[in-house]
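For reference, the structure discussed in these notes is given below.
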Amino acid sequence: MNDLSRYEIRIGGFGGQGVVTMAVVVGETAALHDGKYVVQTQSYGPEARGGASKSEIVISDVEVDYPKVIAPDVFVAMSRAAYLEYIHGLKENGVLIIDEDLVDVEGELPEGVKVYRIPATRIADKDVGNKQATNVVMLGAFTVITQALSIKGLKARIEERWPRFLKSNMLALELGIKAGEEALAKGGK
């Protein structure tokens, strides 16, 4: 993330994927472990489970003066509906992270956007054995790609938040980190 005074993140998916939980964990990690100022908001349609939902986070080295995401530096898209609904406003030279099995890049992207394709659902289902771990896989990839959080802080937050599911979540996180490293090596194309 570097030393930016404001870093904006949008996470979109369908209800039930853990989009809000992802954003809360990002915010908690940034605030509690990395010493940043954070604001997190969320919205979802009345259908909630299955409908497009989004959650947004502002991370800053100084107090956040405006709580809404204006133009995200990063958009994590975990469903096609969320991609189509929430892609607008992504900054030039921003970062787009997609679940490659659920989202195709459609339409024009702002100039310089780097696209990272993560098989998060496939990893969670096949390698972790639990599709509900998709959001943790994506958290690992997100952290490596953006460097918006410390990996050490994220591991600690996951341990604190989900002690009962520690083994599977740590596996999901490690596999997500590996997927993020592989995506980075491809250069965001």
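Odds and ends about this structure:
- Structure-derived Rg/Rh (Cα atoms, Kirkwood Rh) - corresponding label in (i) 0.95; (ii) 0.93; (iii) 1.14: (ii)
- From helices alone, the chain scores -10000 deg cm²/dmol at 222 nm; the rule is -39500 (n - 2.57) for each run of n ≥ 4 DSSP H residues, then divide by the residue total.
- Close Lys pairs in the stretch 7-185, defined as Cα atoms under 21 Å apart and 8 or more places apart or on different chains, number 20.
- Size of charge dipole - the stretch 8-124 - debye, nearest 20, with Cβ of Lys, Arg +1 and Asp, Glu -1, no other charges: 300
- Computed packing ranks the peptides 16-27, 175-186, 99-110 as 16-27, 175-186, 99-110, most packed first, by mean other Cβ atoms within 10 Å.
- Centre separation in Å (Cα based) which lies between the stretch 136-189 and the stretch 73-126: 17
- Virtual paramagnetic centre 7 Å along Cα→Cβ of Trp162, amide N under 16 Å, in the stretch 102-125: 120-125
- Treating r as the C-beta distance of Arg6 and Lys152 and R0 as 30 Å, the FRET efficiency rounds to 0.80.
- Positive end of the dipole of the chain (Cβ unit charges, origin at the Cα centre): among Ala185, Pro119, Ile9, the Cα lying farthest that way belongs to Pro119.
- When the stretch 7-185 is described by a simple charge dipole with +1 on each Lys and Arg Cβ and -1 on each Asp and Glu Cβ, the residue from Gly18, Ala81, Gln147 located farthest towards its positive end is Gly18.
- Inter-label distance, Glu108 to Lys186: 2.5 nm, where each label sits 7 Å from its Cα along the C-beta direction.
None of the figures in this text is laboratory data; all of them are computed from the coordinates on show. Given the structure is predicted, the values throughout are model-derived calculations rather than measurements. Using ideal geometry, Cβ is built from the backbone for each residue, glycine included, and neighbour counts are taken over all protein chains shown.
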